[in-house]
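The numbers here are math on the coordinates, done by the rules we state, and not lab data. Computed from a prediction, not measured in an experiment: that's the story for all the values here. FYI the Cβ positions are ideal-geometry reconstructions off the backbone, even for glycines, and counts take in every protein chain you see.
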Amino acid sequence: MNNSYTVEDAKRKLEHYCAYQERCHKDVYTKLLRMKIIPEAIDVIIVHLIDNNFLNEERFAKAFVSGKFNIKKWGKRRLELELKRRDISSYNINQALRTITDEDYYNAIDQLARKRCNALKETDTFKKKKKLVDYLLYRGWETHLVYDKVNELIP
């Protein structure tokens, strides 16, 4: 399928793409490249999307953090890493991470750790601790929080 798009067609398509779900600049840029849009037109389209508030990196970062934290229970390290992969600025990353309250953060790791700990069938205490630590670290929780929680749950 070899479609060619005018700048106006591409703008409309990308407006819909951004309205459907928050997007970062990198997502939009990649999509435009796949549509085989020339670099000069890509710049024009991205500026149009920003000017018309279809594209907003701070809003994207906050929506991303909110979704991944509330639904997938990712820790701040994983959230920060994933946002950096999407070329989000440190300022926007920090603004987004500040939306998570300390209370929500500690409740989330507590719930996640307890649920996983109860699901582990391992009888060897050392192996059970290791499995729980690995699970929480993979989800991006800070090392000191992980070890404190694991030692609390598995004495």
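Some values worked out for this structure:
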{"read-out": "Where a residue in segment 128-155 is within 17 Å of Tyr105 (Cα to Cα) and its partner, wherever it lies, is part of a loop (DSSP other than H, G, I, E, B), with Cβ under 6 Å and at least six apart", "value": "Arg139/Trp74; Arg139/Gly75; Gly140/Trp74; Gly140/Gly75; Trp141/Gly75"}
{"read-out": "Residue count, segment 60-89 (criterion: touching a Lys or Arg at 6+ places or on another chain (Cβ under 9 Å), over 22 Å from His144 (Cβ atoms) and not in a loop (DSSP other than H, G, I, E, B))", "value": "4"}
{"read-out": "Unique match (being in contact with a Cys (Cβ under 9 Å, 6 or more places away or on another chain) and surrounded by 17 or more Cβ atoms within 10 Å (Cβ to Cβ)) among Leu32, Leu55", "value": "Leu55"}
{"read-out": "Set Leu97, Leu112: member being surrounded by 13 or more Cβ atoms within 10 Å (Cβ to Cβ) and either within 26 Å of Tyr29 (Cα to Cα) or among the polar types (S, T, N, Q) (or both)", "value": "Leu97"}
{"read-out": "Close pairs from segment 4-25: first of a type in the set (Ser, Thr, Tyr), partner buried (at least 17 other Cβ atoms within 10 Å of the Cβ), Cβ under 6 Å, at least 6 apart", "value": "Tyr5/Met35"}
{"read-out": "Enumeration of residues in segment 115-127 that are loosely packed, with under 14 Cβ neighbours inside 10 Å, in a helix (DSSP H, G or I) and either in contact (Cβ under 8 Å) with a residue 24 or more places away in the chain or of a type in the set (Val, Ile, Thr) (or both)", "value": "Thr125"}
